[in-house]
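Asks: Take a look at the following structure, please.
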Amino acid sequence: MIRVEPVSETCMIVYLGEQIDTSLTPQINLLARYLKQGFAESLIEVIPSYTSLFIQYHPRLITYQVLSDAIMQFASMLDSKKRKRRTREGKLITLPVYYDPDVGPDLLHVAREHNLEIEQVIACHAQKTYTVCAVGFAPGFAFLASVEPEIATPRHAEPRMKIPAGSVGIANEQTAVYPAESPGGWQIIGNCPTPLFSPESKPMSPFNVGDRVKFEAICRREFEDLGGSVWPHWK
């Protein structure tokens, strides 16, 4: 059941679900495209997330009620058959990852937390194809769902002050690659040597909501050949 709520005089949130569910991503994308196509001049931002769509609009060009009515009218047309016909699958992005305690200081912790061997954690993480459900926190940071329950692990109670670029992390059922050095509290299990954000590139990041991401385990030599390096400052 879709729910629309005001956030401020110029913002609203549309909720399409209550918990992470990759089946919501195509519906959220459809709604975002519908709004951008039909109300482009009246909208400032349309930001998709796991279960919702954040909308910022020009109050002098459109009202909350008009937008809300349009959203509910669009929602009423979306039955399961129509969604299947109109859904476009995002592109598949394959990213190399070196899974090792030298670049993934939490890899052993995740394994112990779930009574697994390190090799089992790696296999479980790399076998899944993930969906980009949101892009944010930092430029090029793609939130991916969903990690298998066998390795889903909560964030650290206290985040680290620095996480190196390329770090692959887990936070509960989410996984992601840090595109740049930043603070962070996710469980770091490996590193991806592929650059994932550059202001000079077009596009600046390879990720769009709805894209699919697959991780491919590589050895240390391949990691270094692709430009990766071991960060010396892990604590």
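The values are calculated or read from the model by the stated rules, or taken from the named source; none is laboratory data. These figures come from a predicted structure and were not determined experimentally. Backbone-built Cβ (ideal geometry, glycine too); neighbour counts: all protein chains shown.
Asks: Filter the stretch 66-88 down to residues that are β-branched (Val, Ile, Thr) and within 18 Å of Gln56 (Cβ to Cβ) and give me whichever is modelled with the lowest pLDDT.
Replies: Once the filter is applied, the top-ranked residue is Ile71.
Asks: Of the residues that sit in the stretch 1-44 and are of a type in the set (S, T, N, Q) and assigned to a helix (DSSP H, G or I), which one is nearest to Glu148 (Cα to Cα)?
Replies: Thr25
Asks: I'm trying to understand the selection: among the residues of the stretch 180-198, which are over 20 Å from Lys128 (Cβ atoms) and assigned to a loop (DSSP other than H, G, I, E, B)?
Replies: Ala180, Glu181, Gly185, Pro193, Pro195, Phe197, Ser198
Asks: Scanning for something of a type in the set (Val, Ile, Thr) and either surrounded by fewer than 13 Cβ atoms within 10 Å (Cβ to Cβ) or under 18 Å from Ile170 (Cα atoms) (or both), does the stretch 207-225 turn up at least one residue?
Replies: Yes, because at least one residue in the stretch 207-225 is of a type in the set (Val, Ile, Thr) and either surrounded by fewer than 13 Cβ atoms within 10 Å (Cβ to Cβ) or under 18 Å from Ile170 (Cα atoms) (or both).
Asks: May I pose another question? In this structure, does Arg33 turn out to be in the same structural domain as Gly210 (by TED's automatic domain parsing) and basic (Lys, Arg)?
Replies: no
Asks: Could you check, for the stretch 59-67, whether at least one of its residues is in a loop (DSSP other than H, G, I, E, B) and within 20 Å of Ala134 (Cβ to Cβ)?
Replies: No, the stretch 59-67 has no match at all.
Asks: A further question follows. When you go through (1) more than 22 Å from Val135 (Cα to Cα); (2) exposed (fewer than 12 other Cβ atoms within 10 Å of the Cβ); (3) in contact (Cβ under 8 Å) with a residue 24 or more places away in the chain one by one for Ile44, which number turns out not to apply?
Replies: So the condition that Ile44 fails would be (1).
Asks: If the Cβ limit is 8 Å and pairs must be 6+ apart or interchain, which residue in the stretch 2-14 that is touching a residue at least 24 places away in the same chain (Cβ under 8 Å) and under 17 Å from Met72 (Cβ atoms) pairs with which residue that is part of a strand (DSSP E or B) and of a type in the set (Ser, Thr, Tyr)?
Replies: Matching pairs, first to second residue: Ile2/Tyr15; Val4/Tyr15; Met12/Tyr57; Ile13/Ser52; Val14/Ser52.
Asks: Out of (1) at pLDDT below 90; (2) of a type outside the set (Gly, Ala, Ser); (3) closer than 19 Å to Leu144 by Cα, the odd one out for Ile47 is which?
Replies: (1)
Asks: Report, by residue number, each residue of the stretch 116-158 that is in a strand (DSSP E or B) and more than 21 Å from Phe207 (Cβ to Cβ).
Replies: Thr153
Asks: Among the residues of the stretch 175-196 satisfying the criterion of being farther than 20 Å from Ile122 by Cβ and hydrophobic (A, V, I, L, M, F, W, C), which is surrounded by the fewest Cβ atoms within 10 Å (Cβ to Cβ)?
Replies: In this case the residue turns out to be Ala180.
Asks: Given (1) over 21 Å from Leu53 (Cβ atoms); (2) at pLDDT below 95, where does Pro139 come up short, assuming only one miss?
Replies: Going through (1) over 21 Å from Leu53 (Cβ atoms); (2) at pLDDT below 95 one by one, Pro139 breaks only (1).
Asks: A follow-up question, please. Check off (1) under 25 Å from the mean Cα position of the chain (by Cα); (2) farther than 28 Å from Ser205 by Cα for Gln27 and give me the number that stays unchecked.
Replies: Here Gln27 meets the rest and fails (2).
Asks: Shifting gears a bit: Could we say that Met161 is part of a strand (DSSP E or B) and modelled with pLDDT under 95 here?
Replies: The answer is yes for Met161.
Asks: May I pose another question? Looking only at the stretch 142-172, how many residues end up being in contact with a strand residue (DSSP E or B) (Cβ under 8 Å, 6 or more places away or on another chain) and either aliphatic (A, V, I, L, M) or surrounded by 17 or more Cβ atoms within 10 Å (Cβ to Cβ) (or both)?
Replies: 19
Asks: Exactly one of these conditions fails for Val230: (1) assigned to a loop (DSSP other than H, G, I, E, B); (2) assigned by TED's automatic domain parsing to the domain that holds His114; (3) of a type in the set (Val, Ile, Thr); (4) closer than 25 Å to Ala111 by Cβ. Give me its number.
Replies: (2)
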